[in-house]
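Participant: Encoded as structure tokens, here's the structure I'll be asking about.
The values are calculated or read from the model by the stated rules, or taken from the named source; none is laboratory data. Since we're looking at a predicted model, the values are computed, not measured. Here the Cβ is made from the backbone with ideal geometry for all residues, glycine too, and neighbour counts use every protein chain on show.
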Ligand code: UD1
């Protein structure tokens, strides 16, 4: 595991481009199993999670090539329906292979997924939805064995608008017999992205963007070319970075419509996110940042993935603010590191309370998950002195070239192995 060293941050200056969406790309890789024709996906971020998902596709027999952020996928040679547990263990999104494999082979054997340790993350809603379409499941030593003749369209009500369950059912429904309706479907931007992608392959989907998705099954899907939407969580992280460090930053490749829950909370804090040209924003920060009360919720509520980054910003607000986490029950591990850096914060049940403004001080801390790692990088931008973040590899699952991008804005940050190289050069 690597350590990221951040030697404080001056006011940031320059442009920072948001990469294509991680969570927007992952389901598209699974969905490419639904056709034997070529699928080309542009602006796919170069991230560990994407590589693992591609490796899973490769292990199934898919032809995969990722070059210059363009992914070429060709599933005509896919001949396996079992995903290797050594890969699926590392990635929650691996479970998205279930629906497409089931449609393709009438059976699938897939190990229960891994991912960030931010909660128990069950898969019951995925299974319940697919079972309503006629699939049968058996759990065996950490594997799900699934079987179905041609899936049949069904009326499915999700007890909770799970992103992954919506995606799995949606993909399976495109080639099922008859009509499927998913009620209480997730509405995160990547769901609409997946719907548009599937529609470009010939799927018949209506209600896109709403919580009621109607899918009329078709006999086959064709290949497609598609450009992934900008990553709104990465965009939100950089907007918060600009708010914490100050300076003049232009964030590029931003879809502000996907960020309304964040920008409206920032507004309450006195921070203005201003649109410049299409897809470009800048951030105006007041002398005194006001605290806010936030509750994470499924879309269109405040996204859980931005809770850890916002927590770091709250340490710079004057007064008492709270963040209540309702999506994942264990997304608080960044707090112990923030406290170590001088945050006046505590967790009571599912609520984080922070009384700012805190003078943060650089020290050695540890990252435990992807967005928690991002929150520590942001805190380091506000801290005096040097922050060392251990296990920073979590960050590489979701932020493409973050070190380089922040270096370009004037931050001084590097990986520990690079520090050793630096010292070797000096001596
Ligand atoms: C996706 C995102 C993740 C984001 C999350 C919520 C990807 C690859 N990851 O994760 O970054 O934080 O959405 O926006 O897109 N749940 C169940 N049963 C299920 C499925 C989920 O109880 O069968 C619960 C989970 O435990 C969690 C909540 O529902 O508490 C939300 O999970 P879900 O929306 O499924 O998130 P993911 O798809 O795992």
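Participant: Tell me, yes or no, whether region 407-417 has at least one residue that is under 19 Å from residue 310 (Cα atoms), crowded, with 17+ Cβ neighbours inside 10 Å and either in the same structural domain as residue 311 (by TED's automatic domain parsing) or touching a residue at least 60 places away in the same chain (Cβ under 8 Å) (or both).
Facilitator: The answer is no; no qualifying residue exists.
Participant: Run residue 297 past the list (1) crowded, with 19+ Cβ neighbours inside 10 Å; (2) free of Cβ contacts under 8 Å to residues at least 60 places away in the same chain and report the number of the one that doesn't hold.
Facilitator: For residue 297, the exception is condition (1).
Participant: Mind checking which strands (runs of 3 or more DSSP E) fall wholly inside region 1-78 and carry at least 3 residues that are over 24 Å from residue 376 (Cβ atoms)?
Facilitator: Ranges flagged: 38-42, 63-67, 70-74.
Participant: Working carefully through the options 162, 212, find the one that is over 20 Å from residue 35 (Cα atoms), in contact (Cβ under 8 Å) with a residue 12 or more places away in the chain and surrounded by 20 or more Cβ atoms within 10 Å (Cβ to Cβ).
Facilitator: Answer to the check: 162.
Participant: Oh, and also: Looking at region 388-410, which of the residues that are away from the ligand (no atom under 16 Å from the Cβ) and more than 18 Å from residue 12 (Cβ to Cβ) is farthest from the chain's Cα centre (by Cα)? Write out each step before concluding.
Facilitator: Narrowing region 388-410 to residues away from the ligand (no atom under 16 Å from the Cβ): 388-393, 401-410.
This time we only want the ones that are more than 18 Å from residue 12 (Cβ to Cβ), so: 388-393.
Working: 388: 24, 389: 21, 390: 21, 391: 19, 392: 16, 393: 15 Å.
Ranking the candidates gives 388 first.
Participant: Can you tell me which residue in region 305-326 is surrounded by the fewest Cβ atoms within 10 Å (Cβ to Cβ), limited to those that are in contact (Cβ under 8 Å) with a residue 60 or more places away in the chain and either within 11 Å of the ligand (Cβ to nearest atom) or not assigned by TED's automatic domain parsing to the domain that holds residue 366 (or both)?
Facilitator: The extreme case among them is 305.
Participant: Can I ask one more? Scan region 335-367 for residues that are exposed (fewer than 15 other Cβ atoms within 10 Å of the Cβ) and in contact with a helix residue (DSSP H, G or I) (Cβ under 7 Å, 6 or more places away or on another chain) and jot them down.
Facilitator: Scanning region 335-367 gives no hits.
Participant: Can you pull out every residue in region 400-427 that is modelled with pLDDT of 90 or more and farther than 22 Å from residue 366 by Cα? Talk me through it step by step, then tell me what you get.
Facilitator: Taking region 400-427 as the starting set, the residues that turn out to be modelled with pLDDT of 90 or more are 400-415.
Those that are modelled with pLDDT of 90 or more and farther than 22 Å from residue 366 by Cα: 408, 409, 410.
Participant: In addition: Just to verify a result, which residue in region 243-257, among those that are surrounded by 24 or more Cβ atoms within 10 Å (Cβ to Cβ) and under 20 Å from residue 21 (Cβ atoms), is farthest from the ligand (Cβ to nearest atom)?
Facilitator: 251
Participant: Provide a single number: the residues in region 225-242 that are more than 15 Å from residue 21 (Cβ to Cβ) and buried (at least 22 other Cβ atoms within 10 Å of the Cβ).
Facilitator: 4
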